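> Once you've had a glance at the structure underneath, I'll fire off some questions.
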Amino acid sequence: MGGAAIVLGTFTAYGDWQLVWSDEFNGTSIDTNHWKFETGNRNGWGNHELEYYTDRPDNVCVSNGVLHIVARQESINGFAYTSARIKGHGLFSKKYGRFEFRAKVPEGKGYWPALWLMPEHSPYGRWPACGEIDVMENRGNYPAVVQGTIHYADTNGGHLQSTEIFTFPQNEGATNFHTYLLEWTTNSISWSVDGRLYETQTNWSTANASYPAPFDQPFYIIMNLAVGGIYSGNPDTNTVFPGEMQVDYIRVYDNITTNSAR
């Protein structure tokens, strides 16, 4: 999983991996060739979340080479918090590969930042049978820990998940920039933080299809900063707003030696 990056023509190689897509966030606005905005609350997004997502620059913008997704305590459309959620659905998706994010997240109870993947199409039905890959999520009141998870289904469509946590060395919590890496092949999905491998999953399932379904389809990227919900709990009086997730870059690589499907 390593090796120095070297330039090959207009692409970048990293060991056996060749860059096929990236967003370095070097412009002055969100690249709408890469991202769509999801707005509203949509019944708490199925997780009892409290925020109302917007496409306003106050909640999502690019400046100084970084993407900023900002959660604020403010009233809008009957909700007490705002934030942002962007996705690559219909713009870029990838089956297998290396997904690399450099990001930092806010500290505070109720913050729920996430970098994750969902299927471009859903031949296996609705969630959880369609599958979900969480590259990184964090409970805001536990900045020392991040988590990587796959969600999938049993033969009857019931929800299953496989997950592990990564605990940072002292003074290196998630509120600092770190590199979150997912490597995904036909029969293995692994997670690393700053080059430290902490999780590998090789067994999963779904309803009415054989292994390696559902993780044999192109997936797209989602990034959001939720407020409240079943994962992180709701903010308390000690939570400071605004809080923001910053993303320095996202880079997606294909394997040169296996020429994995794009």
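The values are calculated or read from the model by the stated rules, or taken from the named source; none is laboratory data. For clarity, every value in this text was computed on a predicted model and none was experimentally measured. Each accessible area value is taken on the protein alone, full model and side chains, heavy atoms only, with ligands, DNA and RNA left out. Shrake-Rupley method; radii C 1.70, N 1.55, O 1.52, S 1.80 Å.
> So, with a 1.4 angstrom probe, what is the percent of accessible area on the chain that is carbon and sulfur?
Heavy-atom surface of the chain belonging to carbon and sulfur, 1.4 Å probe: 46 percent.
> Ok, one more. Would you work out if the stretch 68-155 is rounded, prolate or oblate? Take a ≥ b ≥ c from the square roots of the eigenvalues of the alpha-carbon gyration tensor; rounded if a/c is under 1.5, else prolate when a/b is larger than b/c, oblate otherwise.
In terms of gyration-tensor shape, prolate.
> Could you work out Rg/(2.2 N^0.38 Å) for the stretch 61-112, with Rg from alpha carbons only?
Dividing the Cα radius of gyration by 2.2 N^0.38 Å gives 1.49.
> Enumerate lysine pairs in the chain that are 8 or more residues apart or on different chains, then count those whose Cα atoms are under 25 Å apart.
Pairs that pass both the separation and distance tests number 8.
> Shifting gears a bit: Which value, in Å², gives the accessible area per residue of the chain when a 1.4 Å probe is used on the protein heavy atoms?
On a per-residue basis, the chain sits at 44 Å².
> Please state the shape class of the stretch 16-138: rounded when a/c is under 1.5, otherwise prolate if a/b exceeds b/c and oblate if not, all from the C-alpha gyration tensor.
Verdict is oblate for the stretch 16-138.
> At 0.36 nm per residue, and after removing the present C-alpha to C-alpha distance, how many nm does the segment from N255 to N208 gain when stretched out fully?
Here the answer is 14.0 nm.
> While we're looking at this one, here's another question. Run the 1.4 Å probe and let me know the accessible area of H68, rounded to the nearest 10 Å².
The accessible area comes out at roughly 30 Å².
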